[in-house]
1. From the list B:LEU134, B:LEU196, B:LEU190, exactly one residue is among the aliphatic types (A, V, I, L, M), in the same structural domain as B:ILE226 (by TED's automatic domain parsing), assigned to a loop (DSSP other than H, G, I, E, B) and touching an Asp or Glu at 6+ places or on another chain (Cβ under 9 Å). Which is it?
2. Within segment A:36-48, is there a residue that is more than 26 Å from B:GLU427 (Cβ to Cβ) and surrounded by fewer than 20 Cβ atoms within 10 Å (Cβ to Cβ)?
3. Across segment B:353-387, what is the number of residues that are facing another protein chain (nearest Cβ under 9 Å) and in a loop (DSSP other than H, G, I, E, B)?
4. Among what's in segment B:261-275 and is free of Cβ contacts under 8 Å to residues at least 40 places away in the same chain and of a type in the set (Val, Ile, Thr), pick the residue that is surrounded by the fewest Cβ atoms within 10 Å (Cβ to Cβ).
5. Only one residue in B:THR230, B:THR254 is polar (S, T, N, Q) and in contact with a strand residue (DSSP E or B) (Cβ under 7 Å, 6 or more places away or on another chain), so which one is that?
6. Scan segment B:276-291 for residues that are in a helix (DSSP H, G or I) and surrounded by 15 or more Cβ atoms within 10 Å (Cβ to Cβ) and report the count.
7. Counting only residues that are hydrophobic (A, V, I, L, M, F, W, C) and either in a strand (DSSP E or B) or at positive phi (or both), which one in segment B:472-482 is farthest from the chain's Cα centre (by Cα)?
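The values are calculated or read from the model by the stated rules, or taken from the named source; none is laboratory data. Fair warning: this is a prediction, and the values are worked out from it, not measured in the lab. Virtual Cβ from ideal backbone geometry, glycine too; neighbours counted across all protein chains shown.
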Amino acid sequence: MKTQNFLKFILMMVFLMGFSHHTLSSSLDQHYIEKLQQIKVVKGNGGNDLYALIRESAQHLSVNWNEKLAIEISRVFNELSNVNENYFLVELLAPAVEKHKDKFKKILFKNLSKKNRVLYEKNVEMVRKEEREGNG
Amino acid sequence: MDLSKVRNFGESMSSTRWFILWGLTLLIGAYQQDIHAKDFHPDTIRLAYDDLTFKEKTEFHHTLMKVLEIQTKSTKYSDPKINVLLEKISQHNFSGPDSFIDLFLPSTFANDPTLYCHFGGWMATMDNDENCMLPWSRWVRGDAEMETFGATYEHSCGGANLFRCNPLIFGPGEDGKGICTTTDDSDPNLSTSSCLEDFMQTPDALENKVNELQEDPQALAQYLAITAETMRLCEVRARKFSYCNDLLHLLESTSKAAVTCEAHDSLVSLLPNIVTPFNEDELNEITHGLGAEAIRYARELEERQERISRENREVLEEALAGAAQESTMAATIERIRNNASKCLRGLCKGTEYSSSKPATKSIAKCAAYVKHAIYPYPSESGERYANFSEYPWGRDADDAVEGGNWLKDHGFENILDYPEMSHLTPETAPPGAIIVYEKINSRRNSTVDGVRRGAPGHIEIKASANEYISDFINDEPTRIGGLRRPIAIYYQIPDSYKERLQEVPQ
């Protein structure tokens, strides 16, 4: 009886610790989703603040997969690509692409326009080339 | 605490109740404990004192000593009520405290964290029970404050009951690393006494020590630091450390003999490193007032440093303010602004562009475009920093992150290397800057000024407050949300400004 109660106590503690971790990462997911949802249209060339948001969201997504977050990142990236075609912006998505290649790319391509899909692939190749050959 | 009650409580709680309890705890969060007057209990004080940081304890102790000193001066010891207390103490042969102060302080406060103890000539710290820690222990050797007293214990004598005495105090011994004395090396009193005895038996030990210190001001400063701290220790803990009388006599007499008029100047510059609010009086005593002079010197030096740094900063800001208007840089800026929409010498190969491109679109050739602006074609007009023949193309060309290598060859300097200007960022740097970035999380590195940096990086010229230009025009620094980290900001500083810069005295 005593052993049973002890085990029950341990299981409860493990559950509670896991629950608190889940709670924390869920709240971060929500934070990034809400921030991205506020962006309807991208003005100018986007700007470093927006790039940082996309990069941090993708970084978070790489360790805490959340489909809704993936969709929002992809949607905002599409809006960004409409105003800024620079190759280096694909680096912002790299953490999510590397960790969840198939899952994320599927969602990304679903949310990119046809033109931006082509642009994305070209820019990925440009980043690879620059890594190999430099920019001098 | 009755554990059976706790167990019974646990067994009676259902899973749901545990969850609710945990949830409530989360909601409430951390709670604060307020100490009210009615809770003023010695145990509470001890807990509060234990929670203070070392710096806070030091400040508290210092303030307490000052208050008691003031109180002592204003106390009329002829007052009968005071005398009654002192009489009672002497009647009962009260042997507990070492000093008058201890009488009024609970034992909690008796442990002065600013006191150092002696262990065979090596300074050491004391543990909570005021035991002198072993000088070779990592807590003592790793204590940054120990640098004040010179080298730490390093060379063992290699045998049981053999102790290596500090050569700074007791001479070099046979092998130059300090006397090896036979003693109980776990006891600071026995070790120090044994070192003293062996030292005094060495012929001409004292004279040699004084000569040695007179020839080495750095060593003399360290010796004085040890003497001052030993004086402090022995003033309050002579009963605990039986070596006090003899050791103090040696240290004080040697210190006073070694401090000569000739040593004054060099000592005054070294003493600020060792003088503290706690040992200032002792240092003044053994150096005939040099402690106060050293503090004055340090204060004046600091003021001079601040004034010169401020003047240097003004000169550099003036130099940078005009950087974009300087003729060669002005020509460079105009070139790079015009080139942003051009395809230079086949650089657009592999892209959808042939002769021209959008000015806001990069083709991953930032370093090439910046170099081209600095080393223009001979046919292009405008002043230039160098001939085009020096420009390396293609695979041999440097990455952007290595931009500093070729910029330095043509008189550019990284303004962040000047301490007065290290606060500058790409956003705050005046136009005319050439900004170099490294690429974070890169799979390729370059060594730049001895540091591994992510390649290829990025380089651009700040043409105006909202123009950052390389192979495209950006309206803000090209940080790419943090993926490019600025590592250098280059300018060419005219000689007329460099001549006005002053060296900051150390």
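1. Going through B:LEU134, B:LEU196, B:LEU190 in turn, the sole match is B:LEU134.
2. Yes - at least one qualifying residue is present in segment A:36-48.
3. Final tally of qualifying residues: 7.
4. Checked segment B:261-275; the qualifying residue surrounded by the fewest Cβ atoms within 10 Å (Cβ to Cβ) is B:VAL268.
5. Answer to the selection: B:THR230.
6. 9
7. Result: B:ILE473.
Residue-wise test of (1) of a type in the set (A, V, I, L, M, F, W, C); (2) under 23 Å from the mean Cα position of the chain (by Cα).
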residue: B:GLN218; (1), (2): no, yes
residue: B:THR227; (1), (2): no, no
residue: B:ALA238; (1), (2): yes, no
residue: B:VAL259; (1), (2): yes, no
residue: B:SER266; (1), (2): no, no
residue: B:GLU303; (1), (2): no, yes
residue: B:ILE308; (1), (2): yes, yes
residue: B:ASN312; (1), (2): no, no
residue: B:GLU318; (1), (2): no, no
